[in-house]
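**Student:** Here's a structure for you.
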Amino acid sequence: MTTVVELEIPADRFGIARTFDRVPTFECQIGGMIGDSPPLVWVIGPDRGTVHDALEADPSVDVIASLTGGERSLRAGNESDDSERWLFRLEFGDSVKLFEQIVAENDGAILAACGQNGTWSVKLLFHDRGSLSECYALFEQYDYNVDVTRLTGMDDFESAQTPLTQTQYETICKAHELGYFDIPRQITLKELAAELDVSHQALSERLRRCHSTLVSAELTDGMQPTAIDP
């Protein structure tokens with residue numbers, strides 16, 4: 001059964017803990033699927049300079065580039081609040097890289113990751129519960145101190161209550177099945193587009209919409225605690 005699991009991980013076990021300590025209002029959201037290259041990350045804080053200085057001083061992350069800034073952040077209902085957000089490209093340290101490796105080697109994919117109040121919320125997708133259990137055991141072995149907040153079976157589209165459309169859901173599941181989110185990738189975007197019989201551009205836009213929808217759901221949905229067998 002394809003399974004989506006949502007985890008919470010303390011920042012001191014995952015990354016950017018010093019930034020959270022130095023800037024209490026700091027928030028971050030991965031702006032693209034975590035993969036081979038340093039990801040794009042949306043960040044929120046009191047001002048751009050404070051955020052940049054805190055990240056530069058944080059040993060768990062390297063600032064590769066500061067790309068844009070000054071956009072209003074979105075909250076529940078897609079309404080703007082008074083916060084501004086800035087886009088950075090960040091190179092995460094060994095903790096995140098090991099986490100990515102554990103997920104990839106157990107046939108999983110990272111769908112979304114965001115940090116707030118010293119805690120990371122991460123959404124993962126697995127083809128079967130056995131792979132998830134193996135992954136969870138390794139998280140415990142390496143002291144990530146993960147807390148499972150939601151576990152959802154995705155075999156039944158309606159009962160899963162996914163925010164994706166049917167086409168988006170089928171696309172992201174196919175991409176995961178063929179290894180598009182693996183590290184390294186097992187199939188290119190062009191090859192995946194051919195498999196799905198859509199254009200390269202259409203598939204790229206669809207995947208971005210999928211990711212945006214999943215991240216929005218992660219940030220706005222209330223999470224209910226659940227248990228998992230290691």
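The values are calculated or read from the model by the stated rules, or taken from the named source; none is laboratory data. Values in this document were obtained by computation on a predicted structure and should not be read as measured data. With ideal geometry, Cβ positions are generated from the backbone for all residues, glycine too; neighbour counts draw on all protein chains shown. For accessibility, only protein heavy atoms count, side chains too; no ligands or nucleic acids. Shrake-Rupley method; radii C 1.70, N 1.55, O 1.52, S 1.80 Å.
**Student:** Among the residues of the range 210-230, are any farther than 17 Å from I30 by Cα and modelled with pLDDT of 80 or more?
**Tutor:** no
**Student:** Quick one: would you say S121 is modelled with pLDDT under 90, open to solvent by less than 40 Å² (accessible area, probe 1.4 Å) and among the hydroxyl-bearing types (S, T, Y)? Steps first, answer last, please.
**Tutor:** Details: modelled with pLDDT under 90: no; open to solvent by less than 40 Å² (accessible area, probe 1.4 Å): yes; among the hydroxyl-bearing types (S, T, Y): yes.
When the stated conditions are applied, S121 does not pass them.
**Student:** Kindly indicate whether Y144 is modelled with pLDDT of 90 or more and of a type in the set (S, T, Y).
**Tutor:** Working: modelled with pLDDT of 90 or more: yes; of a type in the set (S, T, Y): yes.
The answer is yes for Y144.
**Student:** How about the range 86-118: which of its residues are open to solvent by 50 Å² or more (accessible area, probe 1.4 Å), over 23 Å from L55 (Cα atoms) and not in a helix (DSSP H, G or I)?
**Tutor:** Of everything in the range 86-118, just one residue is open to solvent by 50 Å² or more (accessible area, probe 1.4 Å), over 23 Å from L55 (Cα atoms) and not in a helix (DSSP H, G or I), namely D107.
This table checks each residue for (1) modelled with pLDDT under 95; (2) within 28 Å of F139 (Cβ to Cβ); (3) in contact with an Asp or Glu (Cβ under 7 Å, 6 or more places away or on another chain).
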site	(1), (2), (3)
E6	yes, yes, no
F20	no, yes, no
P24	yes, yes, no
Q29	yes, yes, no
D36	yes, yes, no
G45	yes, no, no
L55	no, yes, no
A65	yes, no, no
G70	yes, no, yes
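**Student:** In the range 179-218, what residues are part of a helix (DSSP H, G or I) and in contact with a strand residue (DSSP E or B) (Cβ under 6 Å, 6 or more places away or on another chain)?
**Tutor:** Going residue by residue through the range 179-218, those that are part of a helix (DSSP H, G or I) are 189-196, 200-218.
Matches in the range 179-218: L214, V215, E218.
**Student:** Also, quick follow-up: Contact list please: Cβ distance under 6 Å, first residue in the range 173-191 and in the same structural domain as L207 (by the TED database), second residue of a type in the set (F, W, Y), pairs at least six apart or on different chains.
**Tutor:** I187/Y180
**Student:** Name the one entry in L178, L192, L196, L138 that is modelled with pLDDT of 85 or more and touching a Phe, Trp or Tyr at 6+ places or on another chain (Cβ under 8 Å).
**Tutor:** Numbers: L178 fails: touching a Phe, Trp or Tyr at 6+ places or on another chain (Cβ under 8 Å); L196 fails: touching a Phe, Trp or Tyr at 6+ places or on another chain (Cβ under 8 Å); L138 fails: touching a Phe, Trp or Tyr at 6+ places or on another chain (Cβ under 8 Å).
After ruling out the rest, the residue left standing is L192.
**Student:** Also, I was wondering about something else. Looking at Q186 and the list (1) modelled with pLDDT of 85 or more; (2) under 16 Å from T3 (Cα atoms); (3) more than 16 Å from the chain's Cα centre (by Cα), which single condition is not satisfied?
**Tutor:** Q186 satisfies all of (1) modelled with pLDDT of 85 or more; (2) under 16 Å from T3 (Cα atoms); (3) more than 16 Å from the chain's Cα centre (by Cα) except (2).
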